Each structure stands twice: as C-alpha cells, then as structure tokens.
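Colleague: Right, I'll just put the structure down here and ask away after.
The values are calculated or read from the model by the stated rules, or taken from the named source; none is laboratory data. Source: prediction; values computed, not measured. Counting neighbours? That spans all protein chains shown, and the Cβs are built from the backbone with ideal geometry, glycine included. Surface accessibility is based on the protein's heavy atoms, side chains included, excluding ligands, DNA and RNA. Shrake-Rupley method; radii C 1.70, N 1.55, O 1.52, S 1.80 Å.
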Amino acid sequence: MVIRTWLISLDDVRLLYFGLVYDQDADEEISAAFDRFMAVLGPEDDAMGCAYMSEINLGMSERSRFPDRIEAAVIHFKRQLSSGRYEQGSLHYTIGNAYSALGREDCATEAYKAALLEPAFANSLSLASQGHKNLGTSFERLGDEVRAVNHYREALRMNPLLPEAHYALAQFYVRKGEWKSALEHLDQAVFTDPIYAKAAGVAGWRANVLFNMGEGIAAFREINNVLAQADREPWVWPFFARLVASFGRATAENARQAQGFWHRYVDAHPDTSGGRREMLLATLYLRAEGQDIGQTYMEFLDKFVRHIKHIDNTEEAAFLWDRLGHWAQDEGNWLEAERCFRMAYDLAGGHYGYCLVCRSVNSLTHIGYNEAIDQQK
C-alpha cells in the first residue's frame, strides 16, 4: 500500500530528488529520502547514482549510518563499468571512495590506481589531483606514510590550491613536530564549500600548531572563532578542552585566555569535573605567578567551594586544596592554611601530611607568640 502511494507520486519524487541533487550540500537530505528514491526508481536506475554518491560522501566524512547502502553503491558502479556509457576513470574513483568509506583501504588503493590509469581522468588536473590525494589517504591509513606523502605532493603539483592535500600534508608535519611547515600548509587549506566541518577542522589544527609554536594568543583566537559553531560540530568542545588543558597553563597569558575558555566550557557542560578543575587551576596558576587576578582570597574561596564539590577525582581535589592552602600560607593566614592542608590530607593522605604538620606547628607557634605578647601587655 505504501509502495503504491509512492508510485502514484513518481513525478513528485523525481522533482524532489533532482532538486536535492542540484543542492550543493544535500547529502543528508538525500540520505534521509534514500528509501523513497529506491522504492520509486529501483536499484538499477541510473538516477540512483547520485543517491549512492551522497551516501558515499557521508561515509567519507564518517557521517553515514548505512554501510549497506555503500556496499550496494560499489555493486551499482561496478555494473556501470561494463555498460560503456560512463567515463571509466570517474567510476573507478567513485568506487575507490566507497571502499575507503567502508574502511577497505586495500581495495580503495586499487580503484584509485585504476582511475589514474584512465587517460580522461589522468589528463584532468582537477580530477587527477583529487585522485592522488585520496590515494595518499588510503596509503596513510594502511601505514605507508612515505607513499602517502608522495601522492599528497603530486596532488599539489597538479593543483597547488587543493585544500585537502594541504590539510593532509599539514597533519603529516604535525606528527613530525615540524610546526612551521604544518602552519604553512594549514594557511593554504582554504575550503570554500558549504561543509563547515572542514574549515573548523583546519582551525582546530591551526590552534594546535600555534600553541606548539608559543603563539597562545593566536591559538585562542582560532578557538574562539570555532566555538560559535560547537553546537553543530560535536568534536569541537572535547578537542579544544584537551588542547587547552595541555597548553592553558604554559604561560600567564595562556592562563588568562584559558580562564574565559573554561568558564564557557563549564556553562556548556555544567556536570563537568575536569572543566571545573582546569578553571580553578588557571586562576591558582596566575596567582602563583604573581599576576593580579582581581580577587581576594576570600572572594576566590567562595568560587572555589562552589566548584570543588563537582570534582569527582579525590587526588585532583586534594591537589586543589593544597594549592589553596599555599595561597593562605603566603598571606600569613595560618588557620586557613591548616584547614586547606587538612582537607587535602583527608582526601588523599600521603605527602599532603607534610604540609599539614608544618602548618600546624607554625600556626601553634604563631598563636603562642601572640598570646605571650598579649600577656606582657
């Protein structure tokens, strides 16, 4: 009964289908309507090729939930190889993408090689450059980094502006710790298509490289530009949280920037333990470095108590109490210092007992001295 309804609306479905196909960023919409298109067009209809390619595109960006459709796409495009109606290189390239989306990189490399052997494909710089880049990615995933880099460079020889090849080479240089070369390629990885994740990914790696080059302000600028899109890109918060946790206390300037990041992170993730820990540590680090944090001890204590109760790792909580105790100690507030060190010791014991004993002795000595002065008076 449902199929009969779809068949009646064949013209409407075809209009919807081709309207989506001509939309530059309609892969998800086409995927959502895939079963309807299949029911109307049938698996062997040439028009299904665009639906299959949309599913492959999603698979290549790890967004497809239907690997069976990509398996069917391989069969569909292999069948077209023998029809003689389509350019062979492009078909081999599409099959290579499908295999890569399925994680079958050995099959993908063979398909990409076959595409590059076809004259029409090889003589098109735009197609061949993308073919070499994708072949390089498959070799990289197979563990052959040397051949991968050779194909990335060949892709850029053919098309010096190919952003995917610049991005791939940038990640290669990141792994080698060659930050300047990585940044040069990231600066040229300019994606102009409407898929925001690509541009956001470049910004993420730029922030990583800039931190490693000691350019903290520039790194946080990249981060802040991407955070506005965190709701649509689920990788953004966890990726930058790890990055800022690694570099957020490398310098005082980084720590100041990190304070703002962690406040926004905690607002977006109110149940976080690590985010609250890092937020408190950034302030304690700045105070220890002699920076003006704009808060007195008692003002910070109120904030500290509100957040420390959400930190579920006792060792981390103990360390924070210990750092707070040293702040109180520096201000000569012996009783408060002793209280903080006792909290640390009660949570984690061990070496925190040393600070507790020292502060207990000092506080008693200090109190005894004051009492003696009072008696003399």
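Colleague: For a quick protection proxy, order the peptides 171-180, 86-95 by their average other-Cβ count within 10 Å, most packed first. All intermediate terms of the calculation are to be shown ahead of the outcome.
Modeller: Numbers: 171-180: 14.7, 86-95: 20.5.
So the order, starting with the most tightly packed, is 86-95, 171-180.
Colleague: Quick one: angle between helix 67-81 and the longest Cα principal axis of the chain, in degrees between 0 and 90, rounded to 10, please.
Modeller: Computed tilt is about 30 degrees.
Colleague: From the phi angles alone, apply the Karplus equation (6.51, -1.76, 1.60; θ = phi - 60°) to region 271-276 and give each ³J(HN,Hα) in whole Hz, x where the residue is Gly or Pro.
Modeller: Ordered by residue, 3J(HN,Hα) equals 8, 5, 9, x, x, 5 Hz.
Colleague: Based on the mean of other beta carbon atoms within 10 Å per residue, what is the order of 134-141, 182-189, 325-332, most packed first?
Modeller: Working: 134-141: 23.4, 182-189: 20.8, 325-332: 17.0.
Top to bottom by mean Cβ count within 10 Å: 134-141, 182-189, 325-332.
Colleague: Can you run phi through the Karplus equation (6.51, -1.76, 1.60; θ = phi - 60°) for region 312-320 and list ³J(HN,Hα) in whole Hz, with x for Gly and Pro?
Modeller: Those phi angles translate into 8, 9, 5, 5, 5, 5, 4, 4, 5 Hz.
Colleague: I would also like to ask the following. Ratio of region 23-90's C-alpha Rg to 2.2 N^0.38 Å, to two decimals? Display every interim value, and only then the final one.
Modeller: Working: Rg = 11.8 Å, N = 68, 2.2 N^0.38 = 10.9 Å.
Relative to the 2.2 N^0.38 Å estimate, region 23-90 comes out at 1.08.
Colleague: Can you tell me which lysines have their Cα less than 27 Å from the Cα of LYS113? Leave out same-chain residues fewer than eight positions away.
Modeller: LYS78, LYS133, LYS198
Colleague: Working from Cα positions, state the angle (0 to 90°, nearest 10) between the long axis of helix 145-158 and the longest principal axis of the chain.
Modeller: Computed tilt is about 60 degrees.
Colleague: Taking the Cα centre of the chain as origin, sum charge times position over the Cβ atoms of Lys and Arg (+1) and Asp and Glu (-1), and report the length of that vector in debye to the nearest 20.
Modeller: Computed charge dipole of the chain: roughly 400 debye.
Colleague: How large is the accessible surface per residue of region 124-228, computed with a 1.4 Å probe and reported in Å² as a whole number? Walk me through the numbers on the way to the answer.
Modeller: On the way: 4760 Å² over 105 residues.
With the other protein chains kept in place, region 124-228 gives 45 Å² per residue.
Colleague: Which residue fluctuates the most in the chain, going by a Gaussian network model with Cα springs under 10 Å, if the choices are VAL190, VAL40, VAL149?
Modeller: Of the options given, VAL40 has the highest mean-square fluctuation.
Colleague: Could you tell me which of HIS310, PHE172, ASN134 has its Cα farthest along the dipole of the chain towards the positive end, charges placed at Cβ (Lys, Arg +1; Asp, Glu -1), taken about the Cα centre?
Modeller: The residue sitting most towards the positive pole is PHE172.
Colleague: Treating the angle as unsigned and between 0 and 90°, give the value, to the nearest 10°, between the Cα long axis of helix 216-227 and the longest Cα principal axis of the chain.
Modeller: 60 degrees
Colleague: Mind listing which trypsin sites (Lys or Arg not before Pro) in region 290-351 are in a DSSP loop and have 16 or fewer other Cβ atoms within 10 Å? All intermediate terms of the calculation are to be shown ahead of the outcome.
Modeller: Numbers: sites: LYS303, ARG306, LYS309, ARG323, ARG339, ARG342; in loops: LYS309.
Those that pass, being in a loop and sparsely packed, are LYS309.
Colleague: If you place +1 on the Cβ of every Lys and Arg, -1 on the Cβ of every Asp and Glu, and leave all else neutral, what size is the dipole of region 132-270 about its Cα centre, to the nearest 20 Debye? It would help to have the intermediate numbers written out before the result.
Modeller: Details: 16 positive and 15 negative charges, 35 e Å.
Dipole size: approximately 160 debye.
Colleague: Another question, if that's okay. Kindly write out, for region 239-248 in residue order, the coupling ³J(HN,Hα) from the Karplus curve 6.51 cos²θ - 1.76 cosθ + 1.60 (θ = phi - 60°), rounded to whole Hz, with x marking Gly and Pro.
Modeller: In residue order, the calculated couplings are 5, 6, 4, 5, 5, 5, 5, 7, 10, x Hz.
Colleague: If you keep only loop residues by DSSP, which GluC sites (Glu not before Pro) in region 216-317 have at most 14 other Cβ atoms within 10 Å of their Cβ?
Modeller: Working: sites: GLU222, GLU253, GLU278, GLU289, GLU299, GLU315, GLU316; in loops: GLU289.
Passing both the DSSP loop test and the Cβ count: GLU289.
Colleague: Can you give the accessible area per residue of region 61-101, in Å², using a 1.4 Å probe? Please report the intermediate quantities before stating the final value.
Modeller: Details: 2080 Å² over 41 residues.
Roughly 51 Å² per residue, with all protein chains present.
Colleague: Return P(r) of region 52-136 (all Cα-Cα pairs; 5 Å bins starting at 0; whole %; ordered from short to long distances).
Modeller: In whole percents, the pair-distance histogram is 3, 18, 27, 25, 18, 7, 1.
Colleague: For the chain, what does the helix formula give at 222 nm: sum of -39500 (n - 2.57) over DSSP H segments with n ≥ 4, over the residue count, nearest 500 deg cm²/dmol? Display every interim value, and only then the final one.
Modeller: On the way: 22 runs with 289 residues, N = 377.
Computed ellipticity for the chain at 222 nm equals -24500 deg cm²/dmol.
Colleague: Between ALA203, ALA128, ALA114, find the one with the highest GNM mean-square fluctuation for the chain; connect C-alpha pairs within less than 10 Å.
Modeller: ALA114
Colleague: Right, here's the next one. Answer with one residue from TRP334, GLY201, GLY350: the one whose Cα lies farthest towards the positive end of the charge dipole of the chain, charges on Cβ with Lys, Arg +1 and Asp, Glu -1.
Modeller: Checked the options; the winner is GLY350.
Colleague: Loop-only trypsin sites (Lys or Arg not before Pro) in region 225-285, please: DSSP not H, G, I, E or B, and at most 10 other Cβ atoms within 10 Å. Please report the intermediate quantities before stating the final value.
Modeller: Working: sites: ARG232, ARG242, ARG249, ARG256, ARG264, ARG276, ARG277; in loops: ARG232, ARG249.
For trypsin sites (Lys or Arg not before Pro) across region 225-285 that sit outside H, G, I, E and B with at most 10 neighbouring Cβ atoms in 10 Å, the list reads ARG232.
Colleague: Hey, what's the Cα Rg ratio for the chain versus the globular rule of thumb, 2.2 N^0.38 Å? Display every interim value, and only then the final one.
Modeller: Working: Rg = 29.8 Å, N = 377, 2.2 N^0.38 = 21.0 Å.
In units of the globular-protein estimate, the chain measures up at 1.42.
Colleague: Carbon and sulfur together cover what percent of the accessible area of the chain at a 1.4 Å probe radius?
Modeller: With neighbouring chains kept in place, the figure for the chain is 53 percent.
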